[in-house]
Amino acid sequence: MSMPATSDARGVTSARAAPRRRLPGAIWRHRVFYLMLLPGVLWFVVYKYFPMYGVIIAFKEYNLVDGVFASGWADPWYKYFKQFVESPYFGQLLANTFLISFYKLLFGMAPPIVFALLISECRYSRYARFIQTLSYMPHFLSWVVIFGILTAFLSQSSGLVNRYIGEFGGDPVPFLTSTDWFRSILVGSDIWKDIGWGSIIYLAAIAGIDPTLYEAGRVDGASRLRMIWHITLPGIRNVIVLLMILQLGHFLDAGFEQIYVMYNVQVYPVADIIDTWVYRVGLQDLNFSLGSAVGLFKSAIGLVLVLGSNALARRWGGGIW
Amino acid sequence: MVKSSLTEDRVFNTITVVLLAIVGITAVFPLLFVLSMSVTPYAEVLKNGGFIVIPRSVTLEGYRQVLSDDHIPRAFLVTVFITVVGTAINLLLSFLMAYPLSKKTLPGRSLLLMMVLFTMLFSGGMIPTYLIVKATGILNSVWALIVPSAISAFNLLIMKSFVENLPEELFESARVDGAKEWRILFQLVVPLSVPVMLTVGLFYAVQHWNTLLSAIMYVNDRSLYPLQVVLREILVGAESLDLVEAGAKIPSETFKMAAVIISTLPMIIVYPFIQKYFRKGAMLGSVKG
């Protein structure tokens, strides 16, 4: 009895000691892999992690001469956050960011789903594939090109729509510089750009639905609309909710590039979002500390939103991490 | 009963086909309209009430103006450069990280993955990133358009999970043959990863072709402006008249539309050939995300 016990004890000790003894060896054996990782890791450290440290200038009186380290602390440390919250822009920026995101979510959710349903219901599969291919195309156009297309149709002086309005005796509508129209144009062009691309994930989800359900439906004499309602939509419900939640995580983004390309001074009251404002205040007016403070404000809330929405998504049955 | 469901089916099919056609036309018509406008003399456009799909008379005047413009040809070259060189750098760095990170035995692997993942959740923001770009000495150079976006964490993770799923036995047998890890990476892993490389490479290339924000943030020198920035200036300058100084020439519609087409031309030409890789990529992205 004593023999196995000792060997057992030895086995345990060696197993315990093993990782400690082997770790430097394991690192040494993998040295070539660390060498491969080096450029990429360095890049992440410099261009992703240094800025996270650099965000301390939000709490400093940053000036170009002293740089990030030597610039003195702001007094009080939350000076620039206070300045932002108390500025007349605060409410407007928050409202614009929030509303534009909200409209994009509200009106942008259904079109890709409807399109995916149409594709999957179409009996002529080659035709459906062809349409599908056409529908992805706008996803790859830049916002500037899309803005160019919009001017061709909506420009006050030369746009197609205004020429028709003129022909019927109406006054030209300044679509692109009007506060009444600007958000609709943002949301509309966003839907146009991504309706096809966004449908891909729904099509994958529809393809994953058990085909016997449809056979059972057919045997019961259910119409195709009824089958969509009772089989297809419940089958992709989880994906729909998941995507909606994930989009909530990026609520404060609202589409910097799109808005930067399309907006102009006339529509600032309805179009200016946090990112566009940070760009103007920080990089155009060179108010680095204020810009950093607002950026940090946005990043921090963004982090909470992403983590929160992901926790929600996981509860719903499938987070992304 | 059977008959009525047949009619219903036929109606349903027709509606589906018609609605799909509407979506398809909506997707391509705007760009076709711009294309027609770019080759039609403006007087002709006005005469036909502005609505032209197939131009009756063709002029290449707009394209001639684009090619002899002060900024566009140069901006085109800048954009081609950042697309080609940028994508090559993207892919090289991504492979160099994806292969080691696919090794489950690598000590510190999960820590490194966490490091990559966290950058997708939180960022220092626009201004601190600008200051780092400045501190690394690439501000106002063409590298400012390439280096700050050298790796996308998202694309890296897509690549890593692809390499992870390559059969380990292949690497083992190569190792038995005495191949060094560098050779395994470039002669085994890279050739086997062509599908994911095409997909990810195309994502990167499109992103470079459409480069706008890094240029407006990091570049002041007009000769380094990429195509999208120059195109935006042309379009905006014409749209808000207060930006056009008195006496400045207002670009013609034909010229503007030709500039739009030139800016998206490579995409239009290669799109039919590459769209199937994009579709695969969207799937990868949505499943692995």
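Quick note: the coordinates plus some simple rules give every number you see, no bench work behind them. Model, not experiment: these values are computed from the prediction. So basically every Cβ, Gly included, is an ideal-geometry build from the backbone, and we count neighbours across all protein chains shown.
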#### Entry: Cα centre as origin, Lys/Arg/Asp/Glu Cβ charges: chain A dipole, Debye
1660 debye
### Task
Cross-chain or 8 or more residues apart, Cα under 28 Å: how many lysine pairs in chain A fit that? Count them up, please.
12
### Task
Please state the charge dipole magnitude for chain B, taken about the Cα centre, from unit charges on C-beta atoms (+1 on K and R, -1 on D and E), reported in debye and rounded to the nearest 20.
520 debye
### Query
So if R0 is 30 Å, what FRET efficiency would residue A:238 and residue A:300 give, r being the distance between their Cβ atoms, rounded to the nearest 0.05?
0.50
### Query
Just how many % of Cα pairs in the range A:157-278 lie over 25 Å apart, if you round to the nearest whole percent?
51 percent
### Query
Once the Cα gyration tensor of chain A is diagonalised, what are the square roots of 5 times its eigenvalues, in whole Å and ordered largest first, as equivalent ellipsoid semi-axes?
45, 39, 18
### Message
Let's test this: bin the Cα-Cα distances of the range A:138-189 at 10 Å from zero up to the farthest pair and state each bin's percent.
### Response
26, 50, 21, 3
#### Entry: Top positive-direction residue, dipole computed over the range A:79-315 with Cβ charges, set A:94, A:234, A:187
A:234
### Task
In whole angstrom, note down how far apart the Cα centers of the range A:125-149 and the range B:160-191 are.
38 Å
### Cα-based helix-to-principal-axis angle, B:109-121 vs chain B, degrees rounded to 10
20 degrees
### Query
So, how do all the Cα-to-Cα distances of the range B:160-217 break down into 5 Å bins, in percent, from 0 on up?
4, 16, 20, 17, 12, 10, 9, 7, 4, 2, 0
### Query
Can you list residues whose amide H is under 5 Å from residue A:60's amide H, if they're 5+ apart or on another chain and H is modeled 1.01 Å from N?
A:74
### Query
Expressed as cubic angstrom per residue, what is the convex hull volume of the alpha carbon set of the protein assembly as shown?
235 Å³
### Summary
For the range A:60-70, Karplus-derived ³J(HN,Hα) couplings (6.51, -1.76, 1.60; θ = phi - 60°; whole Hz; x for glycine and proline) come out as 10, 8, 5, 9, 4, 5, 7, x, 4, 7, 7
### Query
Among B:133, B:95, B:80, which residue has its Cα positioned farthest towards the positive end of the charge dipole of the range B:29-154, with +1 placed on the Cβ of Lys and Arg, -1 on the Cβ of Asp and Glu, and the dipole taken about the Cα centre?
B:95
### Query
Roughly what % of Cα-Cα distances in the range B:64-288 sit above 28 Å, to the whole percent?
43 percent
